Amino acid sequence: MAEYYYEVEQLTDLAIENIKKVISSEYGSDSDKSNAFRELSKYYQKQKDYENAVNAVDKAIELNPDNASAYWRKSEILLSSSGQTIINFNFRD
């Protein structure tokens, strides 16, 4: 539901509320919760709440240090907070 509220309805507050429900659930692995925190950081970044965005992505990394996409999100957040963006980046073997 969080992704629906974020992508379709453009209701970031509802997306945050829904992803927090996932995080607070007793179900799911650390990897699942890591991905949820990574997504939460995206929603905070959308609101330009960079402090909460960094805190959320740091929690994602703490829960799963192998979550490469969380490190990527953190770089996006840090660049975004300084008015920059990542462009023309391609993953290569």
Among the residues of region 27-40 satisfying the criterion of being more than 14 Å from the chain's Cα centre (by Cα) and modelled with pLDDT of 80 or more, which is farthest from E51 (Cα to Cα)? S29
Of (1) at pLDDT below 85; (2) surrounded by fewer than 18 Cβ atoms within 10 Å (Cβ to Cβ), T12 fails just (2)
Residues being over 18 Å from W72 (Cβ atoms) and either in contact with a helix residue (DSSP H, G or I) (Cβ under 7 Å, 6 or more places away or on another chain) or hydrophobic (A, V, I, L, M, F, W, C) (or both) - total across region 34-50: 1
Here the residues within region 22-44 that are open to solvent by less than 40 Å² (accessible area, probe 1.4 Å) and among the hydrophobic types (A, V, I, L, M, F, W, C) are I23, A36, F37, L40
Listed by first then second residue, the pairs whose first member lies in region 63-86 and is within 20 Å of S29 (Cα to Cα), whose partner is among the acidic types (D, E), with beta carbons under 6 Å and at least 6 positions apart or on separate chains, are L63/D30; N64/D30
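The values are calculated or read from the model by the stated rules, or taken from the named source; none is laboratory data. What you are looking at is a predicted structure, and each value in this text was computed from that prediction instead of being measured. Cβ: placed from backbone, ideal geometry, glycine included. Neighbour counts: every protein chain shown. Areas reflect the complete protein model, heavy atoms only, side chains present, ligands, DNA and RNA absent. Shrake-Rupley method; radii C 1.70, N 1.55, O 1.52, S 1.80 Å.
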